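A.B. asks: Take a look at the following structure, please.
The values are calculated or read from the model by the stated rules, or taken from the named source; none is laboratory data. Just so you know, these numbers come straight off a predicted model, no measurement behind them. Heads up, the Cβs are rebuilt from the backbone with ideal geometry, glycines too, and the neighbour counts pull from every protein chain shown. The accessibility values were calculated without ligands, DNA or RNA, using every heavy atom of the protein model including side chains. Shrake-Rupley method; radii C 1.70, N 1.55, O 1.52, S 1.80 Å.
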Amino acid sequence: MKFMLTFSWKPDAKTRAEGIARFRKTGGQPPAGVKLLGRWTRADFSGSHDLLETDDPAALTEFALMWSDLMALEIVPVVEDQVLNEVLKRAAK
């Protein structure tokens, strides 16, 4: 299943600097069991959007825990348009 992780930095510069240092050290890679499909950083550097794929909710929780001390996180399941179209076709019957 695919998930969109969205984060916003906590408001102080020290926390953001720690996040940058941690990202440089780890590459921001998720733990085993979670595949990073894409990452987009907001142009104003206030946060980011990561597209993740996993069938392991515990691994998602582990990834969130790795970063939640530095940023506010939100993780939501998402579906692509092709999947949505199939759902809409079934619902119309």
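A.B. asks: Report Rg(Cα)/(2.2 N^0.38 Å) for the chain, keeping two decimals.
C.D. replies: Here the answer is 1.25, to two decimals.
A.B. asks: Nearest 500 deg cm²/dmol is fine: what mean residue ellipticity at 222 nm does the chain get from its DSSP H runs of n ≥ 4 alone, each adding -39,500 (n - 2.57), divided by its residue count? If you can, show how the numbers build up before the last one.
C.D. replies: Details: 3 runs with 37 residues, N = 93.
Computed mean residue ellipticity for the chain: -12500 deg cm²/dmol.
A.B. asks: So between residue 39 and residue 72, what do we pick up on full extension, going 0.36 nm a residue minus the alpha carbon distance?
C.D. replies: So the chain would gain 10.2 nm between residue 39 and residue 72.
A.B. asks: How much of the accessible area of the range 1-81, in percent, comes from carbon and sulfur atoms when a 1.4 Å probe is used?
C.D. replies: Percent of accessible area from carbon and sulfur atoms in the range 1-81: 59.
A.B. asks: If you add up the charges near residue 15, with Lys and Arg at +1 and Asp and Glu at -1, over every other residue whose beta carbon is less than 13 angstrom from its beta carbon, what do you get?
C.D. replies: Neighbourhood net charge equals +1.
A.B. asks: Residues of the chain: accessible area per residue at 1.4 Å, in Å²?
C.D. replies: 68 Å²
A.B. asks: Still on this structure, please answer the following. Among 58, 72, 43, which one moves the most in a GNM of the chain with springs linking Cα atoms closer than 10 Å?
C.D. replies: 43
A.B. asks: Once you charge only the Cβ atoms, +1 for Lys and Arg and -1 for Asp and Glu, what is the size of the charge dipole of the chain about its Cα centre, to the nearest 20 debye?
C.D. replies: I would put it at about 180 debye.
A.B. asks: Which lysines, on any chain, are close to residue 10 with Cα under 23 Å apart, when same-chain ones fewer than 8 places away are left out?
C.D. replies: 25
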